[in-house]
Structure formats: structure tokens, C-alpha cells
Amino acid sequence: MKKFITICITVLSVVIITACKSGNNVDGTAKVEGSYTYEHAFNYNLNGAHLDVHETGTMDFYPGGTALDSARQVYTATLQDGTTVTYVFNYVSPSKWRLEGEDFYFAGIKESFRMELVESDKEKEDELAQEIIKVVSGSIDYEYKFHLDTLTEKKLQWSFTYRDGHSDTWEFYRVK
């Protein structure tokens, strides 16, 4: 009986430790493949301008490790003189992905990537809009290593910690 109790306590301890360690809500039966919607906001500086970006898009993950990220990106640029300019881009990024445990690797495919200015509150495309496209296009094929925070039948969430120590999170909601 004493041996049975010891075995039960050991098994229970392993279950508790595993549950506490994996508190990331990754459902072992959920699959990445599928169509998702997302909204995301971020900001950065480029050529003396501060860019606040909001994107609304869809992410389709296909079997075999390919994906399609399509978004409407709205950039609000605060220029050095304090004026603001708004740019709207159509962003289409065929991509590749792979999942290794809780590490989610994702990279765009440079040859297929498109980012087009579709609207601006200036009369013509200016240098900053073209520089935004150039910078994004130039790094699209970099493979990012995200942490898989959540994977359920309804939600996929990943996070990334930048070199400067700040983190960002993306939430994707399954539509089919």
C-alpha cells in the first residue's frame, strides 16, 4: 500500500509540474493549418519619421509549411516638422512556416512578396512611402523565431522579444 501511495504521489507531482510548466494553453489536438483573422499595431522610426502602424488581415496556414499573409496596413507617419501623413498599403506575403515544440518559425518569400501603396493623404507617392516598401521588402525573408503562446481550435497566439527587450504579441482567430 505504501508503494502504491508513493507511485500515486509521484504521478500527481509530474502532472502538476507539467501543467505549471506548460501554462501556455497549447492544445495537443489543435493544428496550425487553417484560416485566421488578425489585427495588430506596432510602431518604429524610419528616416526621422515616427511610424504608427495598424494592420487588419488574414493569415492562411497550409499543410506543408506554406502560408499567405494578406493585410491592409495603415501607416500614420509623424514627420520631423510635426505634420502627419497617412499611407494605406496592400500587403501580400506568401510565406513559409514550421513549428518545433513551442518555437514557431516564420518567414516571407521575397520573390512573391507585394506591398503596394493604395491610398495616401498626399497628392502623390512620396519618398517615405517608397522607403517603407523598400525596408519591409528588404527584410521579408528573414526567418523570425516566435514563441507559440496559444494554439487551440479557435486561437493561435505567438510572441516575439526584440533585441531591445520589448515584446510583441499577435493574436489570430480561426475562421475555418
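The values are calculated or read from the model by the stated rules, or taken from the named source; none is laboratory data. Given the structure is predicted, the values throughout are model-derived calculations rather than measurements. We place every Cβ from the backbone using ideal geometry, glycine too, and count neighbours over all the protein chains shown. Side chains included, ligands, DNA and RNA excluded: accessible areas come from the protein's heavy atoms. Shrake-Rupley method; radii C 1.70, N 1.55, O 1.52, S 1.80 Å.
Some points to look at:
- Per residue solvent-accessible surface (Å²) - segment 89-157, probe of 1.4 Å: 58
- From most to least packed by mean Cβ count within 10 Å, the peptides 80-86, 141-147 give 141-147, 80-86.
- Judged by the gyration tensor of its Cα atoms, with axes a ≥ b ≥ c, segment 50-176 is prolate; a/c meets the 1.5 cut and a/b is the larger of a/b and b/c.
- Set of aspartates and glutamates near K155 by C-alpha distance (under 20 Å), chain-local residues within fewer than 8 positions excluded: D27, E33, E39, E55, D60, D69, E100, E102, D103, D168, E171
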